[in-house]
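Novice: Once you've had a glance at the structure underneath, I'll fire off some questions.
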Amino acid sequence: ASYPSFDVSTVIENYAEYLATPNAPLFNRALHEESFLKANYYDSLTGLPNMTYFFSLAEEGKTAIRKNGGKAALLYMDLDGMKSYKTMFIITDNPEPVRDFIINNLKRGGTCITGSGLYKGDERKMVYVTLDRADMIKLRSVLYRIDPKAFVNIMESSEILGQGFRRLPQE
């Protein structure tokens with residue numbers, strides 16, 4: 001469908017008056033269509049472009065290259081199946097059961113760091129552990145039972161080097 005062009009500043013300045021005009025429903029429809037397009041191309045959780053947007057850009061690029069007489073090639077690697085690691089920072093008053101679960105159930109290691117809270121200055125323990133996604137989910141699911149007051153920060157880890165992971169590179 002073809003829509004008339006709109007001067008947005010005029011619309012905002014005269015919004016009440018504008019709503020009474022015959023073009024108001026068209027403008028509202030255009031706004032809704034734009035929001036649907038954005039929902040189609042961007043992840044609703046992160047706001048980052050999604051694969052639909054990527055393939056749309058790839059198709060546009062291929063068309064432009066061919067239009068200029070070139071040959072287009074695209075190497076696409078689906079990274080969904082690759083191993084993903086999560087790093088968990090678990091601040092707890094009761095680190096021993098967390099430690100026991102990580103060592104005995106997940107067969108992994110980690111580090112327990114002593115620190116103090118900024119607000120009250122109370123000493124707390126922070127368990128630092130990097131796990132694959134499946135193990136992270138197992139640990140996350142038992143944390144409430146272990147320590148319902150724990151504070152947990154889970155982050156995506158893109159490269160992990162050292163014991164239990166890839167070797168550190170030599171010079």
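The values are calculated or read from the model by the stated rules, or taken from the named source; none is laboratory data. Computed from a prediction, not measured in an experiment: that's the story for all the values here. In this analysis, Cβ positions are derived from the backbone assuming ideal geometry, glycine residues included, and neighbour counts consider all displayed protein chains. All accessible areas refer to the heavy atoms of the entire protein, side chains included, with ligands and DNA or RNA removed. Shrake-Rupley method; radii C 1.70, N 1.55, O 1.52, S 1.80 Å.
Novice: Looking at (1) modelled with pLDDT of 90 or more; (2) of a type in the set (Asp, Glu); (3) open to solvent by 100 Å² or more (accessible area, probe 1.4 Å), can you tell me which one ASP100 breaks?
Specialist: For ASP100, the failing item is (3).
Novice: Within the stretch 106-113, is even one residue surrounded by 11 or more Cβ atoms within 10 Å (Cβ to Cβ) and either modelled with pLDDT under 90 or part of a strand (DSSP E or B) (or both)?
Specialist: Looking for residues that are surrounded by 11 or more Cβ atoms within 10 Å (Cβ to Cβ) and either modelled with pLDDT under 90 or part of a strand (DSSP E or B) (or both), one finds at least one in the stretch 106-113, hence yes.
Novice: Still on this structure, please answer the following. Give the number of residues within the stretch 127-151 that are surrounded by 12 or more Cβ atoms within 10 Å (Cβ to Cβ) and among the polar types (S, T, N, Q).
Specialist: Here the count works out to 1.
Novice: Restricting to the stretch 86-97, give me the number of residues that are of a type in the set (Phe, Trp, Tyr) and either free of Cβ contacts under 8 Å to residues at least 24 places away in the same chain or open to solvent by 60 Å² or more (accessible area, probe 1.4 Å) (or both).
Specialist: Here the count works out to 0.
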